[in-house]
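Some notes on the structure that comes next.
The values are calculated or read from the model by the stated rules, or taken from the named source; none is laboratory data. These numbers come from a predicted model, not from an experiment. Every residue, glycine among them, receives a Cβ derived from its backbone with ideal geometry; neighbour counts consider all protein chains shown. The protein model used for the area step is the full one, side chains on, heavy atoms only, and it has no ligands, DNA or RNA in it. Shrake-Rupley method; radii C 1.70, N 1.55, O 1.52, S 1.80 Å.
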Amino acid sequence: MPDGYSNVPQPIRKDGAGWVDKGPRDIMRDLENPDMLVPPKTDAGLVPNLKFSFSDTHMILKNGGWSREITARDLPIATTLAGVNMALTPGGVRELHWHQQAEWSYMLLGHARITAVDQNGRNFIADVGPGDLWYFPPGIPHSIQGLEDGCEFLLVFDDGHFSDLSTFSISDWFAHTPKDVLSANFGVPMSAFNHIPKEQVYIFQDKVPGPIDTQKVQSPFGTVPETFKHRLLAQTPINTPGGSVRIVDSTNFPISKNIAAALVEVRPGAMRELHWHPNNDEWQYYLQGQGRMTVFAANGVARTFDYRAGDVGYVPFANGHYIQNTGTETLWFLEMFKSDRFQDVSLNQWMALTPTELVQSNLNIGPELLNVLRKEKWPVVKYPGFSYYPR
(Lines give C-alpha, C1' and ligand atoms only; values in the text may rest on other atoms or scores of the structure.)
Protein backbone atom coordinates (compact mmCIF):
# COMPACT_ATOMS: atom_id res chain seq x y z
CA MET A 1 0.00 0.00 0.00
CA PRO A 2 1.40 3.49 -0.86
CA ASP A 3 2.89 5.53 1.99
CA GLY A 4 0.47 7.71 3.91
CA TYR A 5 -2.54 5.41 3.42
CA SER A 6 -1.81 2.58 5.86
CA ASN A 7 -3.88 3.99 8.75
CA VAL A 8 -6.95 4.86 6.68
CA PRO A 9 -9.55 2.24 5.63
CA GLN A 10 -9.15 1.52 1.94
CA PRO A 11 -11.30 -0.25 -0.67
CA ILE A 12 -8.87 -3.17 -0.91
CA ARG A 13 -9.93 -6.75 -0.27
CA LYS A 14 -7.60 -9.41 1.11
CA ASP A 15 -7.49 -11.10 -2.30
CA GLY A 16 -5.91 -7.92 -3.72
CA ALA A 17 -9.01 -6.56 -5.46
CA GLY A 18 -9.42 -2.78 -5.36
CA TRP A 19 -6.96 0.05 -4.69
CA VAL A 20 -6.51 3.08 -2.44
CA ASP A 21 -9.01 5.94 -2.49
CA LYS A 22 -6.92 9.13 -2.81
CA GLY A 23 -9.79 11.47 -3.61
CA PRO A 24 -12.19 13.46 -1.42
CA ARG A 25 -13.95 11.16 1.01
CA ASP A 26 -15.74 10.91 4.34
CA ILE A 27 -13.44 8.63 6.33
CA MET A 28 -15.77 8.52 9.34
CA ARG A 29 -18.56 7.28 7.09
CA ASP A 30 -16.26 4.63 5.63
CA LEU A 31 -15.40 3.47 9.15
CA GLU A 32 -19.11 3.06 9.90
CA ASN A 33 -19.72 1.09 6.68
CA PRO A 34 -16.77 -1.32 6.30
CA ASP A 35 -18.83 -3.84 4.31
CA MET A 36 -19.83 -1.20 1.79
CA LEU A 37 -16.25 0.04 1.40
CA VAL A 38 -14.93 -3.52 1.11
CA PRO A 39 -17.86 -5.78 0.21
CA PRO A 40 -17.57 -9.52 0.87
CA LYS A 41 -16.51 -11.41 -2.24
CA THR A 42 -19.91 -13.12 -2.23
CA ASP A 43 -21.73 -9.80 -2.81
CA ALA A 44 -22.81 -9.41 -6.42
CA GLY A 45 -25.19 -7.47 -8.65
CA LEU A 46 -27.30 -4.43 -7.85
CA VAL A 47 -29.52 -4.28 -4.76
CA PRO A 48 -31.39 -1.08 -3.79
CA ASN A 49 -30.22 0.80 -0.72
CA LEU A 50 -31.56 -1.01 2.37
CA LYS A 51 -30.31 1.36 5.06
CA PHE A 52 -31.08 4.85 6.33
CA SER A 53 -30.20 6.49 9.63
CA PHE A 54 -32.41 8.72 11.74
CA SER A 55 -29.27 10.82 12.21
CA ASP A 56 -29.55 11.80 8.53
CA THR A 57 -33.14 13.03 8.82
CA HIS A 58 -34.63 16.48 9.38
CA MET A 59 -35.39 17.20 13.05
CA ILE A 60 -38.64 19.04 13.88
CA LEU A 61 -38.19 20.98 17.13
CA LYS A 62 -41.18 22.18 19.16
CA ASN A 63 -41.77 23.50 22.65
CA GLY A 64 -42.63 20.17 24.24
CA GLY A 65 -40.44 17.83 22.22
CA TRP A 66 -39.12 16.84 18.80
CA SER A 67 -39.71 14.37 15.98
CA ARG A 68 -38.01 12.99 12.88
CA GLU A 69 -39.15 10.42 10.36
CA ILE A 70 -37.98 7.90 7.78
CA THR A 71 -40.43 7.26 4.94
CA ALA A 72 -40.25 6.07 1.35
CA ARG A 73 -39.07 9.58 0.55
CA ASP A 74 -35.81 8.81 2.39
CA LEU A 75 -35.65 5.03 1.79
CA PRO A 76 -37.53 4.42 -1.48
CA ILE A 77 -37.53 0.62 -1.16
CA ALA A 78 -39.51 0.89 2.12
CA THR A 79 -43.04 0.99 0.75
CA THR A 80 -44.86 -1.05 3.41
CA LEU A 81 -43.95 0.80 6.64
CA ALA A 82 -42.72 4.24 7.74
CA GLY A 83 -41.18 5.22 11.06
CA VAL A 84 -41.16 8.28 13.33
CA ASN A 85 -38.74 8.81 16.22
CA MET A 86 -40.26 11.22 18.75
CA ALA A 87 -39.43 12.60 22.19
CA LEU A 88 -41.66 14.55 24.58
CA THR A 89 -40.58 16.65 27.54
CA PRO A 90 -42.15 16.16 30.98
CA GLY A 91 -45.67 17.39 30.24
CA GLY A 92 -45.02 17.64 26.49
CA VAL A 93 -48.02 16.59 24.38
CA ARG A 94 -48.41 15.05 20.92
CA GLU A 95 -51.76 16.68 20.42
CA LEU A 96 -55.15 15.02 19.95
CA HIS A 97 -55.10 13.57 16.43
CA TRP A 98 -55.86 10.56 14.23
CA HIS A 99 -54.49 8.89 11.08
CA GLN A 100 -55.63 7.03 8.02
CA GLN A 101 -52.92 4.51 8.95
CA ALA A 102 -52.49 2.16 11.91
CA GLU A 103 -49.98 3.35 14.54
CA TRP A 104 -47.69 0.88 16.36
CA SER A 105 -45.21 2.17 18.92
CA TYR A 106 -42.29 0.94 21.03
CA MET A 107 -41.27 2.94 24.11
CA LEU A 108 -37.51 3.50 24.09
CA LEU A 109 -37.13 5.33 27.39
CA GLY A 110 -39.07 7.32 29.96
CA HIS A 111 -42.82 7.21 30.56
CA ALA A 112 -45.91 8.56 28.80
CA ARG A 113 -49.68 8.64 29.13
CA ILE A 114 -51.73 7.61 26.12
CA THR A 115 -55.45 8.20 25.54
CA ALA A 116 -57.89 7.09 22.87
CA VAL A 117 -61.62 6.81 22.12
CA ASP A 118 -63.09 4.33 19.65
CA GLN A 119 -66.03 4.71 17.25
CA ASN A 120 -68.46 3.42 19.89
CA GLY A 121 -67.50 5.98 22.53
CA ARG A 122 -65.43 3.51 24.56
CA ASN A 123 -62.29 5.14 25.93
CA PHE A 124 -58.77 4.11 26.91
CA ILE A 125 -56.27 5.83 29.24
CA ALA A 126 -52.98 4.13 30.22
CA ASP A 127 -49.40 4.82 31.23
CA VAL A 128 -46.55 3.20 29.27
CA GLY A 129 -42.85 2.76 30.03
CA PRO A 130 -39.67 1.29 28.48
CA GLY A 131 -40.36 -1.82 26.40
CA ASP A 132 -44.13 -1.25 26.28
CA LEU A 133 -46.07 -1.11 23.02
CA TRP A 134 -49.23 0.60 21.94
CA TYR A 135 -51.34 0.19 18.83
CA PHE A 136 -54.08 2.45 17.53
CA PRO A 137 -56.15 1.19 14.57
CA PRO A 138 -56.67 3.53 11.60
CA GLY A 139 -59.04 6.40 12.34
CA ILE A 140 -58.96 6.04 16.14
CA PRO A 141 -58.31 9.46 17.80
CA HIS A 142 -55.56 9.48 20.41
CA SER A 143 -52.88 11.49 22.23
CA ILE A 144 -49.47 11.00 23.90
CA GLN A 145 -48.06 13.00 26.82
CA GLY A 146 -44.70 12.79 28.56
CA LEU A 147 -44.77 12.10 32.30
CA GLU A 148 -42.30 13.21 35.02
CA ASP A 149 -39.17 11.90 33.26
CA GLY A 150 -40.24 12.70 29.69
CA CYS A 151 -40.07 9.99 27.04
CA GLU A 152 -38.74 8.87 23.67
CA PHE A 153 -40.42 6.31 21.40
CA LEU A 154 -40.57 4.81 17.93
CA LEU A 155 -43.80 5.08 15.93
CA VAL A 156 -44.41 2.75 12.98
CA PHE A 157 -47.20 3.22 10.40
CA ASP A 158 -48.49 0.71 7.87
CA ASP A 159 -47.77 2.86 4.80
CA GLY A 160 -44.24 3.64 3.63
CA HIS A 161 -45.35 6.99 2.21
CA PHE A 162 -46.90 8.16 5.49
CA SER A 163 -45.72 11.46 7.04
CA ASP A 164 -46.52 12.37 10.64
CA LEU A 165 -47.03 15.98 9.56
CA SER A 166 -50.01 14.96 7.41
CA THR A 167 -52.15 13.65 10.27
CA PHE A 168 -55.64 14.86 11.21
CA SER A 169 -55.07 17.18 14.20
CA ILE A 170 -57.81 18.66 16.39
CA SER A 171 -56.16 22.11 16.38
CA ASP A 172 -55.82 22.08 12.59
CA TRP A 173 -59.49 21.20 12.14
CA PHE A 174 -60.63 23.91 14.57
CA ALA A 175 -58.42 26.47 12.81
CA HIS A 176 -60.03 25.64 9.45
CA THR A 177 -63.66 25.57 10.57
CA PRO A 178 -65.71 28.82 10.66
CA LYS A 179 -66.42 29.94 14.20
CA ASP A 180 -70.15 30.11 13.56
CA VAL A 181 -70.02 26.43 12.59
CA LEU A 182 -68.10 25.61 15.77
CA SER A 183 -70.64 27.61 17.75
CA ALA A 184 -73.55 25.71 16.20
CA ASN A 185 -71.82 22.35 16.69
CA PHE A 186 -71.07 22.78 20.40
CA GLY A 187 -73.91 25.10 21.39
CA VAL A 188 -71.73 27.87 22.82
CA PRO A 189 -71.11 31.52 21.77
CA MET A 190 -68.51 32.15 19.05
CA SER A 191 -66.46 34.01 21.65
CA ALA A 192 -65.61 30.64 23.20
CA PHE A 193 -63.28 30.12 20.25
CA ASN A 194 -61.47 33.48 20.34
CA HIS A 195 -58.19 31.93 21.46
CA ILE A 196 -58.04 28.66 19.54
CA PRO A 197 -54.74 27.98 17.67
CA LYS A 198 -54.45 29.48 14.18
CA GLU A 199 -52.71 26.39 12.79
CA GLN A 200 -51.75 22.81 13.65
CA VAL A 201 -50.10 22.64 17.08
CA TYR A 202 -48.54 19.16 16.57
CA ILE A 203 -46.45 19.12 19.80
CA PHE A 204 -46.89 21.56 22.68
CA GLN A 205 -45.72 22.06 26.26
CA ASP A 206 -48.18 21.45 29.07
CA LYS A 207 -47.87 20.66 32.75
CA VAL A 208 -47.16 17.10 33.86
CA PRO A 209 -50.52 15.39 34.42
CA GLY A 210 -51.48 14.06 37.83
CA PRO A 211 -51.60 10.36 38.77
CA ILE A 212 -53.59 8.30 36.31
CA ASP A 213 -56.38 7.68 38.83
CA THR A 214 -57.06 11.43 38.92
CA GLN A 215 -57.26 11.61 35.13
CA LYS A 216 -59.79 8.85 34.53
CA VAL A 217 -62.85 9.76 32.46
CA GLN A 218 -65.78 7.39 32.84
CA SER A 219 -67.54 6.59 29.58
CA PRO A 220 -71.17 5.44 29.74
CA PHE A 221 -70.17 2.92 27.07
CA GLY A 222 -67.22 1.47 28.99
CA THR A 223 -63.59 0.99 27.94
CA VAL A 224 -62.26 -0.46 24.69
CA PRO A 225 -62.77 -4.27 24.55
CA GLU A 226 -59.23 -4.96 23.32
CA THR A 227 -56.42 -3.10 25.09
CA PHE A 228 -54.27 -0.74 23.03
CA LYS A 229 -51.24 -1.45 25.27
CA HIS A 230 -48.89 -4.45 25.44
CA ARG A 231 -45.92 -5.12 27.75
CA LEU A 232 -43.43 -6.68 25.34
CA LEU A 233 -40.57 -7.02 27.84
CA ALA A 234 -42.89 -8.90 30.19
CA GLN A 235 -43.22 -11.70 27.61
CA THR A 236 -41.26 -14.89 28.14
CA PRO A 237 -38.70 -14.84 25.32
CA ILE A 238 -37.60 -17.63 23.01
CA ASN A 239 -34.09 -18.24 24.37
CA THR A 240 -31.23 -19.81 22.40
CA PRO A 241 -27.46 -20.01 23.09
CA GLY A 242 -26.93 -16.83 21.03
CA GLY A 243 -29.70 -14.58 22.29
CA SER A 244 -33.47 -14.27 22.46
CA VAL A 245 -36.57 -13.27 20.51
CA ARG A 246 -39.91 -11.86 21.68
CA ILE A 247 -42.65 -12.04 19.04
CA VAL A 248 -45.75 -9.83 19.18
CA ASP A 249 -48.63 -9.99 16.72
CA SER A 250 -52.39 -10.44 16.74
CA THR A 251 -52.09 -13.80 18.51
CA ASN A 252 -50.89 -12.20 21.77
CA PHE A 253 -51.78 -8.52 21.13
CA PRO A 254 -55.19 -8.96 19.45
CA ILE A 255 -55.79 -5.30 18.50
CA SER A 256 -52.60 -5.23 16.39
CA LYS A 257 -54.24 -6.33 13.16
CA ASN A 258 -51.91 -4.54 10.72
CA ILE A 259 -48.41 -4.77 12.23
CA ALA A 260 -46.44 -7.72 13.62
CA ALA A 261 -43.00 -7.49 15.21
CA ALA A 262 -40.15 -9.24 16.97
CA LEU A 263 -37.64 -7.85 19.47
CA VAL A 264 -34.35 -9.63 18.78
CA GLU A 265 -31.31 -9.95 21.05
CA VAL A 266 -28.05 -11.09 19.42
CA ARG A 267 -25.15 -11.56 21.82
CA PRO A 268 -21.51 -10.96 20.83
CA GLY A 269 -20.36 -13.70 18.49
CA ALA A 270 -23.93 -14.69 17.59
CA MET A 271 -26.18 -14.06 14.59
CA ARG A 272 -29.83 -13.95 13.56
CA GLU A 273 -29.86 -17.13 11.51
CA LEU A 274 -30.15 -17.40 7.73
CA HIS A 275 -33.88 -17.07 7.06
CA TRP A 276 -36.60 -15.24 5.13
CA HIS A 277 -40.15 -14.03 5.70
CA PRO A 278 -42.94 -15.51 3.54
CA ASN A 279 -45.62 -12.90 4.24
CA ASN A 280 -44.22 -9.36 3.73
CA ASP A 281 -41.25 -6.98 3.66
CA GLU A 282 -39.28 -6.45 6.87
CA TRP A 283 -38.67 -2.98 8.39
CA GLN A 284 -35.93 -2.94 11.04
CA TYR A 285 -34.96 -0.51 13.79
CA TYR A 286 -31.60 -0.94 15.55
CA LEU A 287 -31.77 -0.18 19.26
CA GLN A 288 -28.28 -1.01 20.54
CA GLY A 289 -24.95 -2.33 19.30
CA GLN A 290 -23.79 -2.86 15.74
CA GLY A 291 -24.22 -5.53 13.13
CA ARG A 292 -24.13 -6.40 9.47
CA MET A 293 -26.70 -7.93 7.20
CA THR A 294 -26.33 -9.58 3.82
CA VAL A 295 -29.52 -9.73 1.76
CA PHE A 296 -29.81 -12.39 -0.97
CA ALA A 297 -32.12 -11.13 -3.72
CA ALA A 298 -32.00 -14.24 -5.99
CA ASN A 299 -30.53 -14.55 -9.49
CA GLY A 300 -26.96 -14.25 -8.18
CA VAL A 301 -27.59 -10.91 -6.45
CA ALA A 302 -26.56 -10.11 -2.85
CA ARG A 303 -25.40 -7.03 -0.91
CA THR A 304 -24.08 -6.40 2.60
CA PHE A 305 -24.91 -3.43 4.87
CA ASP A 306 -23.60 -2.33 8.26
CA TYR A 307 -25.98 -1.07 10.97
CA ARG A 308 -25.73 0.57 14.37
CA ALA A 309 -28.11 2.06 16.93
CA GLY A 310 -30.55 4.52 15.35
CA ASP A 311 -30.40 2.98 11.87
CA VAL A 312 -33.34 1.61 9.90
CA GLY A 313 -32.88 -1.48 7.75
CA TYR A 314 -35.19 -3.03 5.17
CA VAL A 315 -35.52 -6.46 3.57
CA PRO A 316 -37.85 -6.97 0.57
CA PHE A 317 -40.43 -9.75 0.72
CA ALA A 318 -38.98 -13.29 0.74
CA ASN A 319 -35.34 -12.16 0.36
CA GLY A 320 -32.94 -14.40 2.30
CA HIS A 321 -30.83 -12.65 4.96
CA TYR A 322 -29.04 -12.81 8.29
CA ILE A 323 -27.91 -10.25 10.89
CA GLN A 324 -24.53 -10.78 12.53
CA ASN A 325 -23.35 -9.02 15.70
CA THR A 326 -20.09 -7.32 14.70
CA GLY A 327 -19.51 -5.47 17.98
CA THR A 328 -18.49 -6.20 21.55
CA GLU A 329 -21.88 -5.45 23.14
CA THR A 330 -25.25 -7.13 22.70
CA LEU A 331 -27.11 -6.18 19.51
CA TRP A 332 -30.81 -5.38 19.95
CA PHE A 333 -33.17 -4.59 17.08
CA LEU A 334 -36.83 -4.71 16.09
CA GLU A 335 -38.19 -6.58 13.07
CA MET A 336 -41.57 -5.24 11.89
CA PHE A 337 -44.03 -6.34 9.21
CA LYS A 338 -47.25 -5.08 7.65
CA SER A 339 -49.13 -8.18 8.71
CA ASP A 340 -51.29 -9.58 11.50
CA ARG A 341 -48.84 -12.47 12.03
CA PHE A 342 -45.08 -12.85 12.43
CA GLN A 343 -43.74 -15.52 10.07
CA ASP A 344 -40.24 -16.64 9.16
CA VAL A 345 -38.68 -19.64 7.45
CA SER A 346 -35.42 -21.07 8.82
CA LEU A 347 -32.89 -22.30 6.25
CA ASN A 348 -31.55 -24.81 8.79
CA GLN A 349 -34.99 -26.18 9.69
CA TRP A 350 -36.05 -26.40 6.03
CA MET A 351 -33.00 -28.49 5.19
CA ALA A 352 -33.51 -30.70 8.28
CA LEU A 353 -37.11 -31.49 7.32
CA THR A 354 -36.33 -32.29 3.67
CA PRO A 355 -35.24 -35.82 2.61
CA THR A 356 -31.53 -36.14 3.37
CA GLU A 357 -30.59 -37.61 0.01
CA LEU A 358 -32.22 -34.72 -1.81
CA VAL A 359 -30.38 -32.08 0.26
CA GLN A 360 -27.10 -33.98 -0.13
CA SER A 361 -27.31 -34.23 -3.92
CA ASN A 362 -28.58 -30.65 -4.33
CA LEU A 363 -25.67 -29.06 -2.41
CA ASN A 364 -23.01 -31.78 -2.76
CA ILE A 365 -22.54 -31.92 1.03
CA GLY A 366 -21.75 -34.75 3.40
CA PRO A 367 -22.63 -36.02 6.88
CA GLU A 368 -20.51 -33.34 8.59
CA LEU A 369 -23.34 -30.87 7.86
CA LEU A 370 -26.30 -33.20 7.33
CA ASN A 371 -25.97 -34.80 10.78
CA VAL A 372 -26.17 -31.48 12.68
CA LEU A 373 -29.18 -29.92 10.95
CA ARG A 374 -31.88 -28.93 13.47
CA LYS A 375 -35.58 -29.75 13.14
CA GLU A 376 -36.34 -27.11 15.79
CA LYS A 377 -35.93 -23.45 14.84
CA TRP A 378 -33.26 -21.34 16.57
CA PRO A 379 -33.87 -17.72 15.53
CA VAL A 380 -30.48 -16.67 16.97
CA VAL A 381 -27.48 -19.02 16.72
CA LYS A 382 -24.04 -19.27 18.29
CA TYR A 383 -21.70 -22.26 18.15
CA PRO A 384 -18.40 -22.50 20.09
CA GLY A 385 -15.52 -22.20 17.68
CA PHE A 386 -17.71 -20.98 14.81
CA SER A 387 -18.54 -17.44 15.88
CA TYR A 388 -17.48 -14.02 14.64
CA TYR A 389 -15.69 -11.65 16.97
CA PRO A 390 -14.31 -8.24 15.91
CA ARG A 391 -10.55 -7.99 15.83
Between Gln288 and Asp149, the FRET efficiency computed from the C-beta separation at R0 = 22 Å comes out, to the nearest 0.05, as 0.65
Would you mind working out the magnitude of the charge dipole of the range 115-210 relative to its Cα centre, with +1 at each Lys and Arg C-beta and -1 at each Asp and Glu C-beta, to the nearest 20 Debye?
-> 480
Can you give the net charge of the other residues whose Cβ lies under 13 Å from the Cβ of Trp98, counting K and R as +1 and D and E as -1?
-> -4
Looking at the range 156-230, which trypsin sites (Lys or Arg not before Pro) are DSSP coil and have at most 15 other C-beta atoms within 10 Å of their C-beta?
-> Lys198, Lys207, Lys216
May I ask for the longest run of the chain untouched by chymotrypsin sites (Phe, Trp or Tyr not before Pro) that are loop-located per DSSP and have at most 16 neighbouring C-beta atoms (other than their own) within 10 Å?
-> 20-220
Treating only the Cβ atoms of Lys and Arg (+1) and Asp and Glu (-1) as charged, compute the dipole magnitude of the range 259-336 about its Cα centre; round to the nearest 20 debye.
-> 160
Magnitude of the charge dipole, the chain, Cβ model with Lys/Arg +1 and Asp/Glu -1, debye to 20 = 340
Rounded to the nearest whole Å², what accessible area per residue is found for the chain with the 1.4 Å probe?
-> 50
Most fluctuating residue given options Val312, Val248, Val359, as computed from a GNM of the chain linking Cα atoms under 10 Å | Val359
With contacts defined as alpha carbon pairs under 8 Å and 6 or more residues apart, what's the relative contact order of the range 199-262 in percent?
-> 20
Just round it to a whole percent: the fraction of Cα-Cα distances in the range 267-391 exceeding 26 Å.
-> 25
Expressed in nanometres to one decimal, the distance between label points 7 Å along Cα→Cβ at Glu226 and Glu368 is 5.1
If you average the sequence gap of Cα pairs under 8 Å that are 6 or more apart and divide by the length of the chain, what percent do you get for the contact order?
-> 17
Note the listed values (1) 0.94; (2) 1.15; (3) 1.06, then indicate which one is Cα Rg over 2.2 N^0.38 Å calculated from this particular structure.
-> (2)
Trp66 versus Asp15, label points 7 Å from Cα toward the beta carbon: distance in nm?
-> 4.4
Ignoring ligands, DNA and RNA, what percent of the 1.4 Å accessible area of the range 1-134 is carbon and sulfur?
-> 57
Using a probe of 1.4 angstrom, how much of the accessible area of the range 219-302 is carbon and sulfur, in percent?
-> 55
Here are some pairs, Lys51/Lys382; Lys179/Lys229; Lys198/Lys338; Lys216/Lys257; which of them have Cα atoms lying more than 29 Å apart in this structure?
-> Lys179/Lys229; Lys198/Lys338
Cα centroid separation - the range 300-328 against the range 138-154, whole Å = 30
For the pair Ile27 and Tyr383, what calculated FRET efficiency results from E = 1/(1 + (r/R0)^6), where r is the Cβ-Cβ distance and R0 = 45 Å, to the nearest 0.05?
-> 0.80
Dipole axis of the chain (+1 Lys, Arg; -1 Asp, Glu on Cβ), positive-most option in Thr89, Val359, Trp19 = Val359
For Gln235 and His176 in one chain, what is 0.36 nm times their gap in residues minus the Cα-Cα distance, to one decimal in nm?
-> 16.8 nm
Separation between Cα centres of the range 331-391 and the range 29-100, rounded to whole Å | 29
